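First up is the structure itself, then whatever we jot down about it.
The values are calculated or read from the model by the stated rules, or taken from the named source; none is laboratory data. What you see is a predicted model; the values in this text were computed from it and never measured. Here Cβ is always computed from backbone atoms with ideal geometry, including for glycine, and neighbour counts include all displayed protein chains. For accessibility, only protein heavy atoms count, side chains too; no ligands or nucleic acids. Shrake-Rupley method; radii C 1.70, N 1.55, O 1.52, S 1.80 Å.
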Amino acid sequence: MTVIIWICIGILACTIVLGLIRVLTAKESGSRAIIGDLVYFCAVGILVFIAMLVNLSILLDVIFLASLLGILSTIALSRILTRGHR
């Protein structure tokens, strides 16, 4: 089981690296925002797998709060990019 978790952490880490490389080549601010969300939620996913490895329940509360903040920041950024139009 731990080998599978480490493989998943490695895949998410590679996704973060590829996302950061893509940020350097993105021309639009919308693309950068989406990639920022990708990197953020991959980091949250890594935290989930670490919580599974060390069996800490308090880390799950931190993950829930981080996910909520990530969703709210995505909504706020989309409102900023569209200049408040619905």
Residue 26 passes all but one of the listed conditions (1) free of Cβ contacts under 8 Å to residues at least 24 places away in the same chain; (2) open to solvent by 70 Å² or more (accessible area, probe 1.4 Å); the exception is number (2)
Cross-chain or 6+ apart pairs with Cβ under 7 Å, the range 35-53 first and touching a residue at least 12 places away in the same chain (Cβ under 8 Å), then open to solvent by 60 Å² or more (accessible area, probe 1.4 Å): 35/22; 39/20; 51/60; 53/2
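Taking the criterion of being open to solvent by less than 80 Å² (accessible area, probe 1.4 Å) and not in a helix (DSSP H, G or I), would at least one residue in the range 65-86 satisfy it?
Start the filter on the range 65-86 by keeping residues that are open to solvent by less than 80 Å² (accessible area, probe 1.4 Å), which leaves 66-67, 70, 73-74, 76-78, 81-82, 84.
Still in the running and not in a helix (DSSP H, G or I): 82, 84.
Yes, because at least one residue in the range 65-86 is open to solvent by less than 80 Å² (accessible area, probe 1.4 Å) and not in a helix (DSSP H, G or I).
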Note on residue 51: of the conditions (1) under 20 Å from residue 11 (Cβ atoms); (2) open to solvent by 80 Å² or more (accessible area, probe 1.4 Å); (3) not aromatic (Phe, Trp, Tyr), unmet is (2)
Which count do you get for residues in the range 29-47 that are more than 11 Å from the chain's Cα centre (by Cα) and open to solvent by less than 60 Å² (accessible area, probe 1.4 Å)? 3
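Just name the residue that is surrounded by the fewest Cβ atoms within 10 Å (Cβ to Cβ) out of those in the range 1-16 that are under 25 Å from residue 78 (Cβ atoms) and among the hydrophobic types (A, V, I, L, M, F, W, C). Talk me through it step by step, then tell me what you get.
Kept after step one, since they are under 25 Å from residue 78 (Cβ atoms), are these residues of the range 1-16: 12, 15-16.
Okay, now just the ones that are also among the hydrophobic types (A, V, I, L, M, F, W, C), so 12, 16.
Details: 12: 20, 16: 17.
That would be 16.
Might you check whether a residue that is touching a helix residue (DSSP H, G or I) at 6+ places or on another chain (Cβ under 7 Å), of a type outside the set (S, T, N, Q) and modelled with pLDDT under 90 occurs anywhere in the range 71-83?
Taking the range 71-83 first, the residues touching a helix residue (DSSP H, G or I) at 6+ places or on another chain (Cβ under 7 Å) are 74, 77, 81.
Subset that is of a type outside the set (S, T, N, Q): 77, 81.
With the extra rule that they be modelled with pLDDT under 90, the set shrinks to 77, 81.
Within the range 71-83, one or more residues are touching a helix residue (DSSP H, G or I) at 6+ places or on another chain (Cβ under 7 Å), of a type outside the set (S, T, N, Q) and modelled with pLDDT under 90.
Looking at the range 28-45, can you tell me whether even one residue there is of a type in the set (A, V, I, L, M, F, W, C) and not in a helix (DSSP H, G or I)?
Of the range 28-45, the ones of a type in the set (A, V, I, L, M, F, W, C) are 33-35, 38-39, 41-44.
Imposing the further condition that a residue be not in a helix (DSSP H, G or I) reduces the set to none.
There is no residue in the range 28-45 that is of a type in the set (A, V, I, L, M, F, W, C) and not in a helix (DSSP H, G or I).
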